[in-house]
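A quick write-up on the structure given underneath.
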Amino acid sequence: MEITPESDQSNRAHVRLLQLGRELNTAPTLDDYLQMLVDCASELTGSDASSILLYEQETGLLKFIAGPHYQRDRLRRVRVPVEHSVAGEAFQKGAPVIIRPEEGEGRVFSTVDRELFFRTHSLLAVPLAFRGEPMGVMEAVNKAGAEGYTQNDVEILETLGAFAANAIFNTLLFDEASTIFQDLADLEQKKSDFIAIAAHELRTPLGLVLGHATYLQDLQIDPKYQRHLEAIVKGSMRMKELLDDMASVESEESAPARLKRHTVAVDEVISEVVQGFQVDARQKRIILRTDLPSTPLAAEGDAEKIVIALENLVRNALAFTDPGGLVLVRGEKLPGYVKVSVIDNGIGIPARDQAHIFERFYQVEAHNVRRHGGMGLGLSVARVMVKLHGGDIWVESVEGKGSNFTFILPERAPQGAAERSIFQPRG
Ligand code: ADP
């Protein structure tokens, strides 16, 4: 094939455009990338200079965000109106505008020329848009030679403009997402701080109420008041449990250091916790039973934290099971793990909620005919307690039939996440 000056130039343009396409994801900053684009635009269209202008919502003007390197600072101060400017015309029409060498003088927005000590003869402006949304304009000025800008130049600038629009949009999106993530993290921190402080402050007066009430109970005062005292003690104990839950909602990252590791007899923990709920179960006419193996179940961990997790599961099972129902707490040994399941034949959990119930403050809407005075914290606390041990927790439930909450604890020090996940039921 014969190499003509035109075909040579077109090859060069292709190579440069491909290169810029590849660099879209590797340029260190947006400014660097836009600089490469305007330099390339000048080179490939044979222009004196090129620039990129972005529409500024607050002012309704177009502002330069890239241009010749040596004019950078001056350019950043200049704004171009959307009316009566070539850039504005391309922006509003959403189509390229070409100013030929002989038209230059009267048509261009002269403030820019004055600011930049520049004289525009010919100009090409193409609109920048992302998914149909106009964003700004890319310009090339003063093409060498007398003929002015051609259709080929329009195509080059449109391609470079598309790269620019992509890069700008991605950066804006990324910045926005980073700000949102930061705001969310701040909010989460404030929420945790508030919970921790509130729980801490409320414990002291509650301790006083509980202390005085149990003192009066011990005095064996007139039996007609005993009923009231019992109600006070019971209510206060429930409030204490809620406060314990609130105080336990701490981040998984900060808490492992506070884990007191010993060999825990998990079968004994199960028996004790179940024993502690028998009165509640009887009052609700629910059968509460254990199902334990004949051999001991031991795991390395913090007994107090395992108790908290299990209590929260059993409390929920009793709360969401109707009178006449059954709650079974089963302990099993798996290779390297101890598995604890709390199985009820209660109201169950709708499938769409199952993925969320371990989140803080999440409660199933349909259960909001408040069955018990929870705050949507019990399961998130249980989850934190289990995760601290390097274990895992999940639920299998059928609405109207019942739920099976299961957690596993490694028998010895925490193991890798991959090993843990094999116990997850397939979704
Ligand atoms: P709460 O303290 O409000 O019970 P949890 O985090 O313990 O909060 O539980 C979240 C929600 O999950 C509950 O409000 C309830 O709707 C649902 N849930 C938990 N355990 C059960 C269960 N055993 N059966 C049915 N629904 C349950």
Seminar exercise, completed: Env charge @ L34, Cβ radius under 14 Å, K,R +1 / D,E -1, value -2
Problem set entry | Neighbour net charge for V126 - beta-carbon separation under 12 angstrom, K R +1, D E -1 | -4
For this session: Could you compute the FRET efficiency for R227 and N170, with r as their C-beta to C-beta distance and R0 at 41 Å, rounded to 0.05?
Result: 0.05
For this session: Indicate, rounded to the nearest 5 percent, the antiparallel portion of the DSSP beta bridges found entirely in the chain.
Result: 90 percent
Seminar exercise, completed: The simple spin-label model distance between Y70 and H14, using points 7 Å out along Cα→Cβ, in nm, is 3.4 nm
Problem set entry | A247 paired with E102, simple spin-label distance in nm, labels 7 Å along Cα-to-beta-carbon | 8.9 nm
Exercise. Can you pull the percent of Cα pairs in the stretch 164-281 with separation above 16 Å?
Worked result: 78 percent
Seminar exercise, completed: Log entry: pair-distance distribution for the stretch 256-423, C-alpha pairs binned every 5 Å from zero, whole % per bin is 2, 9, 19, 22, 21, 15, 9, 4, 0
Exercise. By how many degrees, between 0 and 90 and to the nearest 10, does the Cα long axis of helix 378-388 differ from the longest principal axis of the chain?
Worked result: 80 degrees
Exercise. Quick one: if you take sqrt(5λ) for each eigenvalue of the C-alpha gyration tensor of the chain, what semi-axes come out, biggest first, whole angstrom?
Worked result: 72, 25, 18
Exercise. P(r) tail for the stretch 5-179, what percent of Cα pairs lie past 29 Å?
Worked result: 15 percent
Exercise. How many Å² of accessible area per residue for the chain, probe 1.4 Å?
Worked result: 55 Å²
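Kirkwood Rh, the stretch 182-248, all Cα pairs: how many Å?
One over the average 1/r among Cα pairs gives 13.6 Å for the stretch 182-248.
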Seminar exercise, completed: Longest principal axis of the chain (C-alpha) makes with the long axis of helix 151-218 (C-alpha) an angle, in degrees to the nearest 10, of 20 degrees
Problem set entry | Helix 223-248 axis, angle to the chain major axis (alpha carbon atoms, nearest 10°) | 30 degrees
Seminar exercise, completed: Surrounding charge for I221, neighbours by C-beta under 14 angstrom, Lys/Arg +1, Asp/Glu -1, total -1
Exercise. What is the gain in length, in nm to one decimal, between D322 and R261 on full extension, counting 0.36 nm per residue of separation less the C-alpha to C-alpha distance?
Worked result: 18.2 nm
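The values are calculated or read from the model by the stated rules, or taken from the named source; none is laboratory data. Just so it is clear, the model here is predicted, and its values are computed rather than measured. Reconstructed Cβ throughout: ideal geometry from the backbone, glycine too, with neighbour counts over all protein chains shown. Keep in mind that these areas ignore ligands, DNA and RNA; they rest on the heavy atoms of the full protein, side chains included. Shrake-Rupley method; radii C 1.70, N 1.55, O 1.52, S 1.80 Å.
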